[in-house]
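A.B. asks: Here it is, the structure, as C-alpha cells.
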2 protein chains.
Amino acid sequence: MVDAAHVEDVIVSATRLGCRFAPAEPSMIKVHHLDHSRSLRVLWMLEELGLPYQVVNYQRDPKTWLAPQALRDVHPLGKSPVLQDDALVLAESGAILEYLADRYDSGRQLSPEPMPAQAPERVRYRYWLHYAEGSAMPPLVMTLVFSRLRNAPMPFFAKPIARSIADKALKGFVGPQVKLHMDWMERELGQSPWFAGERFTAADIQMSFPIQAAAARGGDMAAYPRLQSYLTRIEQRPAYQRAVERGGPLNLGGGSR
Amino acid sequence: MVDAAHVEDVIVSATRLGCRFAPAEPSMIKVHHLDHSRSLRVLWMLEELGLPYQVVNYQRDPKTWLAPQALRDVHPLGKSPVLQDDALVLAESGAILEYLADRYDSGRQLSPEPMPAQAPERVRYRYWLHYAEGSAMPPLVMTLVFSRLRNAPMPFFAKPIARSIADKALKGFVGPQVKLHMDWMERELGQSPWFAGERFTAADIQMSFPIQAAAARGGDMAAYPRLQSYLTRIEQRPAYQRAVERGGPLNLGGGSR
C-alpha cells in the first residue's frame with residue numbers, strides 16, 4: 001500500500017524547476033491555461049504542431065484580475081502557462097515553445113535547424129524568443145500598473161497627485177519605452193514578413209503577445225501598419241483560431257499581466 | 001570609390017535585428033558594455049570561453065543613471081549588452097549567451113548538448129536562460145521604480161501621498177512578487193549546486209544578474225543562505241573576476257535597470 005504522505009513527499013522532493021514528476025496520465029500533453037494570458041501561445045504552438053493535448057482552464061478573479069490560487073498547486077510561481085509532458089512540469093513561455101520545437105518539430109516546420117549557430121534565421125529566432133518577454137513585455141506591464149494607479153480608488157485629495165504621478169511615469173518614461181519597442185518591431189517587420197525571416201516560426205508565436213498587448217493597451221496602432229497587418233495575419237491562421245476556440249479569446253486591455 | 005552615403009545606406013538596409021552588417025574589424029568579438037549593467041555577463045561568458053574580445057565602454061549619466069545616447073548608434077534600442085561578432089550585431093542577454101554557447105562552446109563546457117530536448121540538464125538550462133529576464137527581473141525593476149518614486153523630489157504636500165502609493169505598491173504587490181521568486185530560486189538551489197544541475201553552465205551566468213539585483217535592492221539575503229553562497233561561488237570564479245577587471249564592478253542598488 002502506498003502511503004499518501006509518502007507520495008506527496010516523493011513529488012515534492014522530485015520537484016525540479018520544470019522537472020517535476022507528477023502522478024499524471026503519462027501520455028497526453030497537458031496545458032494549465034489561464035484565460036486572457038500568455039498561455040494561449042502554448043495552445044497555439046500545439047495546434048501548429050498538430051499534437052493532441054488537454055487543457056486545464058483557470059479563470060482570473062474578475063475583480064483583481066489575478067490568477068487563482070489553484071495555479072500555485074501546479075507550479076510554485078502560480079503563473080501561467082505551465083506545460084505538463086509526462087513527468088515534466090515546465091513554466092516560462094519562451095522555454096516551453098523552445099522545448100516543444102526541439103522535441104516535436106523534427107521536420108523543422110516552425111523552427112530553424114539549431115546549427116550553424118550563426119545562421120541568420122537561427123540568430124533571429126533565438127533573439128525574438130528572448131526579446132518578447134525579456135525586453136518588450138516589461139514596459140507594457142508597467143503601462144498597466146501606472147494606468148491602474150491613475151484610476152485606483154483613493155481619497156479625493158490624493159487623486160490628483162496619484163494621477164500626476166501616473167501621468168509623469170507614463171509620459172516621461174514608460175510611454176517612450178513602449179514606443180521605442182514598437183518602432184523597433186515595426187522596422188524589423190519591414191525586413192521580412194515574419195520575425196525570424198521569410199517563414200512563420202515559433203518566434204512569431206512568442207512575439208504575438210507583446211504586440212497584442214501593445215494594441216490592447218493604447219499603443220497607437222495606426223502608426224504601425226506592419227504590426228497591424230502582422231496581427232491580422234496571425235489571427236487568420238487556422239491553428240490560432242483553434243487555440244482560441246479551446247482557450248477562449250484574449251482580452252489584454254483589462255488587466256492581464 | 002565608395003560613396004559614404006551609400007555605405008550608410010547599405011548598413012541601414014542590411015540591419016536585421018541582431019543581424020546588422022557593420023563595417024568593423026572582422027576578426028575580434030566586440031562587446032558594447034554599459035557600466036553597472038546586464039552586460040557584465042557577456043564579458044564573463046567570453047572569459048569562461050577563453051575567447052579574445054574587445055570592450056567598448058559606456059558610462060551611465062551619473063544623475064539619471066540612464067544609458068548614453070551613443071548606445072543608440074550601436075543598436076536602435078540603446079540598451080546594453082550588444083555583441084558584435086564579424087557582421088553580426090546582437091542584443092538581448094539570453095540570446096547572446098545562447099549564441100556564444102552554440103557557436104563557440106563546442107566542447108560543451110558551459111552548456112548541455114542540444115539534444116535530446118527533454119534531457120533534464122537541457123530543460124533546466126533552457127528554462128533559467130529565459131526565466132532570468134522573463135520572470136525574475138521585471139519585479140526587481142519595479143522595486144527600483146517605486147523606490148525612486150518614494151524619494152523623488154516633489155512639493156511637500158505631495159510627498160506623503162507619493163510615499164503612501166509607493167509603499168502600497170512595494171508592500172502589496174511588488175515585494176511579495178520578489179519574495180516569491182527568491183523563494184523559488186532558493187528552493188531550486190537546494191536540489192543541485194547550479195541552476196542547470198551538477199555543473200556550472202551559461203544559465204548560471206544568466207541567473208547571476210537577478211540574484212545580484214535582489215541582493216542590492218534590499219532582498220533580505222539572510223533568509224536565503226543558498227542564494228548567498230551561490231553569489232559567493234560565482235564571484236570567486238577567476239573568469240568572473242577577470243570580467244570585473246575589464247568591465248568594472250557592479251553597483252545595482254543605485255539605479256541599474
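A.B. asks: Please report, in debye to the nearest 20, how large the charge dipole of the protein assembly as shown is about its Cα centre when each Lys and Arg carries +1 at its beta carbon and each Asp and Glu carries -1 there.
C.D. replies: It works out to roughly 2040 debye.
A.B. asks: Given the pairs A:LYS63/B:LYS171; A:LYS179/B:LYS30; A:LYS159/B:LYS79; B:LYS30/B:LYS63; A:LYS171/B:LYS159, which are separated by over 25 angstrom at their Cα positions?
C.D. replies: Values: A:LYS63/B:LYS171 20 Å; A:LYS179/B:LYS30 28 Å; A:LYS159/B:LYS79 35 Å; B:LYS30/B:LYS63 28 Å; A:LYS171/B:LYS159 20 Å.
Too far apart for the 25 Å limit: A:LYS179/B:LYS30; A:LYS159/B:LYS79; B:LYS30/B:LYS63.
A.B. asks: Taking every DSSP beta bridge with both residues inside chain A, roughly what % is antiparallel (nearest 5)?
C.D. replies: The answer is about 55 percent antiparallel.
A.B. asks: Quick check: from the Cα gyration tensor, does chain B come out rounded (a/c under 1.5), prolate or oblate?
C.D. replies: Oblate.
A.B. asks: In addition: Would you kindly derive the ³J(HN,Hα) couplings of the range A:226-234 from the backbone phi angles with the Karplus curve 6.51 cos²θ - 1.76 cosθ + 1.60 (θ = phi - 60°), listing them in order in whole Hz, with x for Gly and Pro?
C.D. replies: Karplus values, whole Hz, x for Gly and Pro: 6, 5, 4, 5, 4, 4, 4, 4, 6.
A.B. asks: Rounded if a/c is under 1.5, else prolate if a/b is larger than b/c, else oblate: which is the range A:120-247, with a ≥ b ≥ c the root eigenvalues of its Cα gyration tensor? Walk me through the intermediate numbers first.
C.D. replies: Working: a/c = 2.60, a/b = 1.95, b/c = 1.34.
Prolate, since a/c reaches 1.5 and a/b exceeds b/c.
A.B. asks: How about the range B:124-210: which chymotrypsin sites (Phe, Trp or Tyr not before Pro) there lie in a loop by DSSP and see at most 12 other Cβ atoms within 10 Å? Intermediate results must be reported in sequence, preceding the final value.
C.D. replies: Values: sites: B:TYR125, B:TYR127, B:TRP128, B:TYR131, B:PHE146, B:PHE156, B:PHE157, B:PHE173, B:TRP184, B:TRP194, B:PHE195, B:PHE200; in loops: B:PHE156, B:PHE157, B:PHE195, B:PHE200.
Sparse-neighbourhood loop chymotrypsin sites (Phe, Trp or Tyr not before Pro): B:PHE156, B:PHE157.
A.B. asks: From the backbone phi of the range B:70-80, what are the Karplus-calculated ³J(HN,Hα) couplings (6.51 cos²θ - 1.76 cosθ + 1.60, θ = phi - 60°) in whole Hz, Gly and Pro given as x?
C.D. replies: 3, 5, 5, 6, 8, 8, x, 6, x, 9, 10
A.B. asks: Just the number, please: percent antiparallel of the DSSP beta bridges in the protein assembly as shown, rounded to the nearest 5.
C.D. replies: 55 percent
A.B. asks: Would you tell me the mean number of C-beta atoms belonging to other protein chains that fall within 10 Å of each C-beta in A:190-202, as a whole number? List each step's numbers first, then the result.
C.D. replies: Numbers: counts 2, 6, 2, 0, 0, 1, 1, 2, 0, 0, 0, 0, 0.
Per-residue shielding by partner chains comes out at 1.
A.B. asks: Note the distances from B:ASP61 to each other copy's matching label point, with points 7 Å along the Cα-to-beta-carbon direction, in nm, sorted shortest first.
C.D. replies: Shortest to longest, the spacings are 3.9 nm.
A.B. asks: Another one. At B:ASP73, with labels set 7 Å past Cα in the Cβ direction, how many nm apart are the copies from this one, shortest first?
C.D. replies: Between copies, matching label points for B:ASP73 lie 5.9 nm apart.
A.B. asks: Okay, moving on. Report, as an integer, the average count of C-beta atoms from other chains found within 10 Å of each Cβ along B:93-102.
C.D. replies: Across B:93-102, the average partner-chain Cβ count within 10 Å equals 5.
A.B. asks: Highest GNM mean-square fluctuation, chain B, Cα pairs closer than 10 Å: which of B:MET185, B:MET115, B:MET45?
C.D. replies: Looking only at B:MET185, B:MET115, B:MET45, the largest GNM fluctuation is found for B:MET115.
A.B. asks: Moving on to the next point. Taking a point 7 Å out from Cα toward Cβ as the label site, list the nm distances between A:SER27 and the same residue in every other copy, smallest first.
C.D. replies: 6.0
A.B. asks: Ok, one more. Which residues' amide hydrogens lie under 5 Å from the amide hydrogen of A:VAL89, considering only partners 5 or more residues apart or on another chain, with H built in the peptide plane?
C.D. replies: A:CYS19, A:ARG20
A.B. asks: Then there is this: Which cross-chain or sequence-distant (5 or more) residues have an amide H under 5 Å from the amide H of A:GLN54, H modelled 1.01 Å from N in plane?
C.D. replies: For A:GLN54, whose amide H was placed from the backbone, the distant partners under 5 Å are A:ILE29, A:LYS30, A:VAL31.
Only the coordinates and a few stated rules stand behind these numbers; no lab work does. Keep in mind that what you see is a predicted model, and the values were worked out from it rather than measured. No Cβ is skipped: glycine too gets one built from the backbone with ideal geometry, and neighbour counts run over all protein chains shown.
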